[in-house]
Amino acid sequence: MLNSLLSSSSTPVNSLPEGAGSPVLYTPSLTQYVRRKTSTVMIGDVPMGSDYPIRVQSMTTVDTMDTIGSVEQTIRMIEAGCEYVRITAPSVKEAQNLENIRKELRARGYTTPLVADIHFTPNAAELAARIVEKVRINPGNYADRKRFEFIDYTDAAYAAELERIRDKFLPLVRICKEYGTAMRIGTNHGSLSDRILSRYGDTPVGMVESALEFLRICEAENYYNITLSMKSSNPQVMVQAYRLLVQRLDEEGLKPYPLHLGVTEAGEAEDGRIKSALGIGTLLEDGIGDTVRVSLTEEPEREAPVAKALIDRYTNRAATSQPIPVVTTYPINPFQYCRRLTHEVANIGGQNVPRVIADYSRVPVREHKNLHPIGHFYLPEPDKWRMNDLGADYIYTGSYPAQFMLPNGLKEVLDYTVWQTSPNQTNVFPLLTTAEYLAARATQSELHPRLNFVRVSLPSSSDELFTTLKADTTVVLLISTDNAHAMPELRRLVVELINRGITAPVIINRGYPAVSEEEVPLYASTDVGGLLIDGLGDGILLSAPQANPADVDLKRLNNLSFGILQAARTRITKTEYISCPSCGRTLFDLQETTALIRQRTDHLKGVKIGIMGCIVNGPGEMADADYGYVGIGRDKIALYRGQQVIKKSVPADRAVDELIELIREDDRWLEPTFENAL
Ligand code: SF4
């Protein structure tokens, strides 16, 4: 019944975002797991493309001139799962030393392909292309120096620029062709050329065009051993750019090149993993991506296991998924963020930020301190509740009502049967199953006059349900799925709501009973973030599947929920760190410095701080940041406000204090409070 119901239900609504109904070319399927069919690229003896497994790769951080250090780090990365290893070659001397590194690796029995990472230096690229298996160039700076100038090009002047690029780039293409060397044309959102920025702006369109300018030169030379990437530290921009790239390759009749996925400067620890999973996982769900590099401000051998965990999720995806009805009308613009139109129910949906619901259904709420993990604190003196920036909005207590009066900023949700006998039906809201909801509406049983949560899954939906929902302004849907192809099934359900003109807000509910602690943030960021990134979702409920209350880590789930909302740029609650993963160019200890800056600033709200290891790429890469801390020499730091250098050469031991001073001057500094410390 479900299949016929859904395939016949595609009446578009008036409020569709731009692009509604347009053919979706960026994925082979919105509903089945299918890898995008690509050409094969030979990188040494490890081919890349859709006929091969999705590859894991990473980049060294030691100085490229330190041959043994580079070799030993490369071996640690290979042992951790890297199938390609990238090494920076900022100048000819490092490019030359790749030969020594490669020889030593081969002597030790390691044949993993090496990739030279090039910025600004065609001569280093041309040398490296004769030594290693692949060269990565950045089209934003291969033939251009950044001057932050806006230039109003005529078509003729633009064409002359392209001719200039061609002259600079062609020698490398010819060397790669001659030596059988592969190439990645790797666009970074943060380092687009002045030419691209002037014509296309700081946009996914500009990112794609930046790569295509170089790609067309390669194809004209019949050189096709190419992979492409579209990285950004903003997962929303990154996802849109990759989708657009796939579409543009197709439209322009260019080859379907394999794609290298990554979120740049994702940061460290859980936040870095959340951001990476959200961007990379969202694309993998739609069959896009042939190699993954997770960029963390940690030792590079810690990146490969994260990439592998993201990739492994798809090994059996096609075989283990339940069929999902096809999409006949797709009302979502995949290239531009637009939040789904919903009506407001209590403080959910409409213009409200997405809400966080904490799952207390297995953890009793008997004492005030039970709410500490979700950011609510009772202070006996002066007898008040306080909330920190990660204070949850609702608690779901299932069958066990809270034993005390909750703070004002926190509301309770109870299972419907328990709610019916609750003495406090005003400030507590019921959660109904689909069957309970339909029965209650059919029999006109009592429901809450303002807010009723209803559990819905795609298989449990029906015409009757949709018709009833359309006439009901009190419902918030709690959507969930048991399908292994989870995000696409949830997305399919929301597509159905949009196509039927149902504007009830949606809370995305996921739980992970059978996966490791390390995998939970990766899976949740993909499943929930993959919807939020397209403007679908008005809240999040991460279920605590552990049977034993003592095992439920509510603080971790709560932080994860807020982390996902922040990474999807839908609710900003904490400081964001855009820190580079470090490489052979790095001028200070990035991990130590990031930890120090985080320790002093992570109570600030909505401030973005870029922490970059070098002046060569740093300022460009942190384009999105409000403040920048950039290495310019040994123990010398430049501090930025946005893209502007404010303090040019600050001694490293004073730089964090001066950064705080800068934030203070802008009135964005807050003193840490008691709640921040908890
Ligand atoms: S910004 Fe960081 S990762 Fe990028 S080149 Fe500089 S030091 Fe290396």
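The values are calculated or read from the model by the stated rules, or taken from the named source; none is laboratory data. Keep in mind that this is a model prediction, so the values were computed, not measured. Ideal geometry is used to build each Cβ from the backbone, glycine not excepted, and the neighbour counts take in all protein chains shown. Surface accessibility is based on the protein's heavy atoms, side chains included, excluding ligands, DNA and RNA. Shrake-Rupley method; radii C 1.70, N 1.55, O 1.52, S 1.80 Å.
Between the exposed loop cleavage positions of the chain, defined as trypsin sites (Lys or Arg not before Pro) in a non-H, G, I, E, B DSSP state with at most 12 neighbouring beta-carbon atoms within 10 angstrom, the longest gap is 148-365. For residue 384, a cut-off of 15 angstrom between C-alpha atoms picks up these aspartates and glutamates, skipping any fewer than 8 places away in its own chain: 367, 675. Once region 476-580 is represented by equal point scatterers at the alpha-carbon sites, with solvent omitted, what log10 I(q)/I(0) does the Debye formula produce at q = 0.12, 0.23 Å⁻¹? Ignoring solvent entirely, the Cα scatterers give -0.42, -1.31. Only beta bridges with both residues in region 134-229 are counted; by DSSP, about 0 percent of them are antiparallel. Per residue, region 300-435 exposes 47 Å² of accessible surface when a 1.4 Å probe is rolled over the protein heavy atoms with every protein chain present. The helix-only estimate of mean residue ellipticity at 222 nm for the chain, built from DSSP H runs of length n ≥ 4 each weighted as -39500 (n - 2.57), is -11000 deg cm²/dmol after division by the residue total. Probing with 1.4 Å while keeping every protein chain in the model, the per residue accessible area of region 478-624 equals 27 Å².
When you filter the GluC sites (Glu not before Pro) in region 408-456 for DSSP loop state and at most 16 other Cβ atoms inside 10 Å of their Cβ, you are left with 446. Counting only residues at least eight positions apart within a chain, or on another chain, the lysines with an alpha carbon under 28 Å from that of residue 103 are 93, 134, 177, 308.
Taking GluC sites (Glu not before Pro) across region 493-563, the ones in a DSSP loop with at most 16 further Cβ atoms lying within 10 angstrom of their Cβ are 517, 518. The alpha carbon gyration tensor of region 139-193 gives principal lengths a ≥ b ≥ c with a/c of 1.5 or higher and a/b no greater than b/c, which makes the shape oblate.
Can you give the FRET efficiency to the nearest 0.05 for residue 439 and residue 474, using r as the Cβ-Cβ distance and R₀ = 22 Å? Approximately 0.85, to the nearest 0.05. Rounded if a/c is under 1.5, else prolate if a/b beats b/c, else oblate: with a ≥ b ≥ c from the C-alpha gyration tensor eigenvalues square-rooted, which is the chain? Cα axes put the chain in the prolate bin. One Cα centroid belongs to region 588-630, the other to region 390-441; the line between them spans 42 Å.
By the combined test of axial Cα extent (at least 27 Å) and Kyte-Doolittle hydropathy (mean at least -1.0), the qualifying DSSP H helices of the chain come to 155-179. Straight-line reach from residue 648: taking Cα to Cα under 22 Å and skipping same-chain neighbours fewer than 8 places apart, the lysines in range are 146, 608, 636. The accessible surface of the chain, taken with every protein chain in place and a 1.4 Å probe, is 50 percent carbon and sulfur.
Once the 1.4 Å probe is applied to the protein heavy atoms, region 81-221 comes out at 37 Å² accessible per residue. Spin-label pair residue 467-residue 400: with each label point 7 Å from Cα along the Cα-Cβ axis, the two points sit 4.1 nm from one another. Which whole-number percent of Cα pairs in region 172-223 have a distance greater than 17 Å? Of the Cα pairs, 41 percent sit more than 17 Å apart.
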